[in-house]
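Shown next, in structure tokens, is the structure this report addresses.
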Amino acid sequence: MWDDNEARVSNAMVEGRDANMANIKPGCGTIFLVFSDQMAEHAYRFPYYEYFRDVLEPLILEILGPGGLTRVVRMQFARMPPGGVIHLHPDGGGFAHKAHRIHVPIFTNPNVSFQICPKLVQRCKEQGLPLGEHRITETSDCVEVPMEEGIVSEINNVVAHRVLNNGDEARFHLVPDAKESSFLQVLNNGDEARIHLVLDAKESSLPTVRLQPGTRCDYTNGLVLCPEGTVVEDVVQGDDEEDG
């Protein structure tokens, strides 16, 4: 599943982000489950979501509480190899400002260091300096975030952060991004109840788009552009109350 060639056949792909990811997260792997446009106004559910559904959904509900499934705008499995580095960076775009970044360690090791660096950001801003890892010179520049198995953490990913895997084992995390407001609607189709993901309750409802296996979408100017005939769009009426 981690192999991109396999994912292009059995999952779906979003092209146009490879160069940026290779620069920030060299050697790291991703299994996409849910992805959104930059402003988190449309969510795209990937085929592999269905494969993991029976495990994912109870976990998300336990973490986020009732209605939690309706709040997820992005979700991925993230693999970091032994000796890997995720370079210092802040996450940008509307999704980072609208959603909460959650980390669920699945397999990790004591030699993984997850650091958030608010004081470094402040110091660079005050001194008019560009942000960079080479400017980490004080122990207070960055704060260590506990990321042990069994501990779920929410981080402010808009603030610059970095990760170092100094261990001999790979690190695997489930990483969902969840918005604060949403609503859930269940449509009954015969004997089957279908739960639809509806993001950010507004005056008009927003669609959930389910990608077909083998779909290749382009991420261009913050938009996810998918070929016609490769998506199934569930348009849900927006008359229900928010789930709070």
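Maximal additional length on extending the T230-E149 stretch stands at 25.5 nm, based on 0.36 nm per residue less the C-alpha distance. Assuming R0 = 45 Å, what is the FRET efficiency of M39 and S140, from their Cβ-Cβ distance, to the nearest 0.05? The pair M39/S140 has a calculated efficiency of 0.85. Find out how many positive minus negative residues lie around H134, taking Lys and Arg as positive, Asp and Glu as negative, among other residues whose Cβ is under 15 Å from that of H134. Result for the neighbourhood of H134: 0.
Extending 7 Å from the Cα toward the beta-carbon at both D18 and W2 defines two label points whose distance is 1.9 nm.
Full extension of the chain between V9 and L164 yields a length gain of 52.6 nm, computed as 0.36 nm times the residue separation minus the alpha carbon distance.
Quick note: the coordinates plus some simple rules give every number you see, no bench work behind them. Remember, it's a predicted structure, so these values are computed and weren't measured experimentally. Virtual Cβ from ideal backbone geometry, glycine too; neighbours counted across all protein chains shown.
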